Amino acid sequence: MTPLLKVEGLSKFYGQRIGCSNISFDLYAGEVMGIVGESGSGKSTLLNCLAGHLTPDTGAVRFDTRTDGLRDTVTMSEPERRMLSRTDWAFVHQHPRDGLRMNVSAGGNVGERLMAVGSRHYGQIREAATDWLGRVEINEDRIDDRPTAFSGGMQQRLQIARNLVTGPRLVFMDEPTGGLDVSVQARLLDLLRGLVREMGLSAIIVTHDLAVVRLLADRLMVMKDGHVVETGLTDQVLDDPQHAYSQLLVSSVLQV
Amino acid sequence: MTEYNFAYLDEQTKRMIRRAILKGLAIPGYQVPFASREMPMPYGWGTGGVQVSAAVLIPDDTFKVIDQGADDTTNAVSIRRFFEKTAGVAVTEATRQATVIQTRHRIPEEALTENQILVYQVPIPEPLRFLEPSEVETRKMHSLEEYGLMHVKLYEDISKHGAIATAYAYPVKVEGRYVMDPSPIPKFDNPKLEMAAIQIFGAGREQRIYALPPYTQVVSLDFDDYPFEASKADHACDVCGAEDSYLDELIVDDKGGRLFMCSDTDFCSSRRREGHVGAQGIPYGEDAA
Ligand SMILES: Nc1ncnc2c1ncn2[C@@H]1O[C@H](COP(=O)(O)OP(=O)(O)O)[C@@H](O)[C@H]1O
Ligand SMILES: [Mg+2]
C-alpha cells in the first residue's frame, strides 16, 4: 500500500541552530500521528515543513497526489503546492486568528474553501456552512457573526469547520487546544475525536499535551532538540516508554 | 505662460507610461506597475488618468472629460483646461466628437467606437484589497488565479443584505483570466465594458495601469442563484424621458420633491435637443443648469 505521506531525511536549520533534523516516517490514510515533545523541540518546524509553509534544507516530503501518485511537495511548483493547500490539505493553527479571516462572517469563513475550489451556488455554500457550524457545535444563528464576537473555544471550532468543509485528505494541526482553558480544551478534544472517527481523517497533530495524543493519535513521534527520539503506537509509547527522555515526558517530570 | 512639453509630461516619461499601457493591452486586466509622476494637482483628482491621457494624446485629438457623467464639475473642468493649455488639443462635451475621453465614475451612455479611447481615473486598482491587505499576497493570488476570495466578498454581501449590494466598482473577470476592478463605475455600466473603444485605467497614487483592448470579454462575477444584474433606478429620466440611461436622483426642494435625471449630461442634452421631453419636462433651452 502506498503511504499518504512519505517523509525522508527531512532537516531544517535556522542558521546554526537545528529546527529539526533527519526526520523520516510514513503516514497511511486514516492514521492520526501525534508529534510530542517539550517547547522548542522542533515540532512546529517539522509540521510547517510538511505543510509547505517552510522549505526544508534537506529531505523529501512525498504526498500521494490524486493524479500522479507520490510527488515531492518540496520540489513541486508553488502553484501546485498552493493548490494542495486549498484542496487536499488543511492546516489548523494554534491561534484561531492565524487561521481565520476575522473580518469575514462565520459562514464566509467556512464557505471560503468551497468557493476557492469553484462553488458558485450561494444556497449550497450557505447550506454547507450551516451544516458545518452544527457539526462543530456553533449555533446556526451565529452564521453571520464575525469571529471577533466569538469566544476562544468557538473560534477554534470555527477554524476546524473552515478546514474540514472540503473533506481534506490530510489535516495538519499545531497545538489545536493550546491557547484554551482546560474545560474548553476537553470539549474541543471530544469534538475532534468525534470528527476524526466519523470522517476517518488522516492527520498530523503537534502538541506538548499528552492528553491530546492519548485521545486522538494512533501513533506517536517523540521529539527532543530537533531529533526524533522514539516512535511507536500511542499506548505503547505512553505506557511503556523506551527512551529516557520519553520516560521523563510521560512521568510528567517535564511539565511544559 | 511656462513652456511645457506637449501634454505636460516629458517624452521619456510618456514613453515609460506607453510601455505600461502596451503591456496592459497585451495582458488584459493585469495591473502593470509604473513610476507615477507628480502632477500639478492633488491625487484625488485622478493623476493616474491624467498621466495616461498625457501619454496617449496627440495634437489632432479632441478631448472630453467627465466626472460622474458631467462635463462641468470642477474636477472635469480643471482636467480639460489642463490639456487645453498644455497640449493645445481641441476639447468637446460631445461624446461622439471626442477621440479621447477621460472619465471618473461613468461610462458614457452612447456606445463608443473603435476610433476612441476611454481613460479611467482609478482610486484603488486592487479588487482583492478588501479582504487581503498584503500586496505580496494579492499579486500571488492574481498570478495563480486564486480568486475564491472575490466570491467571499459577494457571499458576505448576500448574507448581510439579501442580495449582492455592491453597486460600484463591481468586480469582473477579464477574458476568463484576471479579476479586475472596473473603478467606481456603477454596476449598471459593467455590460458596457465590452466595447469597441480601447479602455485604459490609471491609478496614480497606487502606480498601476491596466487596460482592456477593444471587444475584450468582461464578465461580472456572481453566483448561479444570485446572477449579476446591471441595475439602475426603476424610473425614466424626468428631463429627457430616457428609460435606458443611468440616473442621478436630485432633491429639488425642501418638501421632499425628487427628480431623476440622466447622469450623462451630454446624452441627456443631446436627447433634449432632438426633442425628447421627460415627465417633469423642462423644454430645451429654458433651464439654467
Ligand atoms: N523563525 C525561527 N528563527 C530561528 N529559530 C527558530 C525559528 N523558529 C523556531 N526556531 C528554533 O527552532 C527550534 C525548534 O522550534 P519549534 O519548531 O518552534 O519548536 P516547538 O514547536 O516544538 O516548540 C527552537 O530552538 C526554536 O528556538
Ligand atoms: Mg510549536
* To do: Looking only at region B:224-234, decide whether some residue is part of a loop (DSSP other than H, G, I, E, B), in contact with a Cys (Cβ under 6 Å, 6 or more places away or on another chain) and away from every other protein chain (no Cβ under 14 Å).
  => no
* Some residue of region A:31-47 being away from ligand 1 (no atom under 16 Å from the Cβ), of a type outside the set (Ser, Thr, Tyr) and touching a Leu at 6+ places or on another chain (Cβ under 7 Å) -> yes
* Asked: Of all residues in region A:1-44, how many are free of Cβ contacts under 8 Å to residues at least 40 places away in the same chain and either among the acidic types (Asp, Glu) or crowded, with 21+ Cβ neighbours inside 10 Å (or both)?
  -> 1
* To do: Mind listing just one residue for me: the one in region B:14-51 that is hydroxyl-bearing (Ser, Thr, Tyr) and in contact with a strand residue (DSSP E or B) (Cβ under 9 Å, 6 or more places away or on another chain) and, of those, modelled with the highest pLDDT?
  => B:TYR30
* Can you tell me which residue among A:GLY194, A:GLY167 is closer than 28 Å to A:ILE143 by Cα and assigned to a loop (DSSP other than H, G, I, E, B)? => A:GLY167
* Tell me, yes or no, whether region B:194-217 has at least one residue that is of a type in the set (Lys, Arg), in the same structural domain as B:ARG104 (by TED's automatic domain parsing) and part of a loop (DSSP other than H, G, I, E, B). => yes
* Asked: When you go through (1) part of a loop (DSSP other than H, G, I, E, B); (2) more than 14 Å from every other protein chain (Cβ to nearest Cβ) one by one for B:PHE130, which number turns out not to apply?
  -> (2)
* Quick check: anything in region B:179-198 within 14 Å of chain A (Cβ to nearest Cβ) and either touching a residue at least 60 places away in the same chain (Cβ under 8 Å) or crowded, with 19+ Cβ neighbours inside 10 Å (or both)? -> yes
* Can you pull out the residues in region A:1-20 that are small (Gly, Ala, Ser) and more than 16 Å from ligand 2 (Cβ to nearest atom)? -> A:GLY9, A:SER11, A:GLY15
* Residues being charged (D, E, K, R) and part of a strand (DSSP E or B): count how many of those fall in region A:219-244. => 3
* For the subset of region A:55-73 comprising residues that are surrounded by fewer than 18 Cβ atoms within 10 Å (Cβ to Cβ) and among the hydrophobic types (A, V, I, L, M, F, W, C), which member is farthest from A:LEU170 (Cα to Cα)? -> A:ALA60
* Any chance you could count how many residues in region A:144-154 are touching a Gly at 6+ places or on another chain (Cβ under 9 Å) and buried (at least 20 other Cβ atoms within 10 Å of the Cβ)? => 0
* Asked: For A:PRO168, which of the numbered conditions (1) within 15 Å of the chain's Cα centre (by Cα); (2) surrounded by fewer than 23 Cβ atoms within 10 Å (Cβ to Cβ); (3) farther than 30 Å from B:PRO227 by Cα fails to hold?
  -> (3)
* Asked: Mind checking which residues of region A:209-218 are assigned to a loop (DSSP other than H, G, I, E, B) and surrounded by fewer than 21 Cβ atoms within 10 Å (Cβ to Cβ)?
  -> A:ASP209, A:ASP218
* Structure fact -> Of those in region B:55-84 that are over 16 Å from B:PHE267 (Cβ atoms) and charged (D, E, K, R), the residue nearest to the chain's Cα centre (by Cα) is B:ARG80
* Structure fact -> Among (1) modelled with pLDDT under 95; (2) more than 14 Å from every other protein chain (Cβ to nearest Cβ), A:ILE160 falls short only on (1)
* Asked: Does region A:35-47 contain at least one residue that is more than 14 Å from chain B (Cβ to nearest Cβ), away from ligand 2 (no atom under 13 Å from the Cβ) and among the β-branched types (Val, Ile, Thr)?
  -> no
* Residue that is touching a Phe, Trp or Tyr at 6+ places or on another chain (Cβ under 6 Å), within 30 Å of B:ARG177 (Cβ to Cβ) and hydrophobic (A, V, I, L, M, F, W, C), where the choices are B:VAL56, B:VAL100, B:VAL91, B:VAL32 -> B:VAL100
* Inspect region B:247-268 for any residue being assigned by TED's automatic domain parsing to the domain that holds B:LYS153 and either modelled with pLDDT under 95 or of a type in the set (Lys, Arg) (or both) and give the result as yes or no. => no
* Matching residues, region A:128-150, being part of a helix (DSSP H, G or I) and either touching a residue at least 24 places away in the same chain (Cβ under 8 Å) or within 10 Å of chain B (Cβ to nearest Cβ) (or both) -> A:ALA128, A:ALA129, A:TRP132, A:LEU133, A:ARG135, A:ARG142, A:PRO147, A:THR148
* Structure fact -> Out of (1) surrounded by 20 or more Cβ atoms within 10 Å (Cβ to Cβ); (2) farther than 29 Å from A:MET223 by Cα, the one A:ARG101 does not meet is (1)
* Structure fact -> From the option list A:THR75, A:THR55, A:THR87, single residue qualifying as within 14 Å of chain B (Cβ to nearest Cβ) and away from ligand 2 (no atom under 16 Å from the Cβ) is A:THR87
* Filter region A:104-127 down to residues that are more than 7 Å from chain B (Cβ to nearest Cβ) and surrounded by fewer than 18 Cβ atoms within 10 Å (Cβ to Cβ), then give me how many there are. => 4
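The values are calculated or read from the model by the stated rules, or taken from the named source; none is laboratory data. Please read these numbers as outputs of a predicted model, since none were measured by experiment. Please note: Cβ atoms are built from the backbone with ideal geometry, for glycine as well, and neighbour counts cover all protein chains shown.
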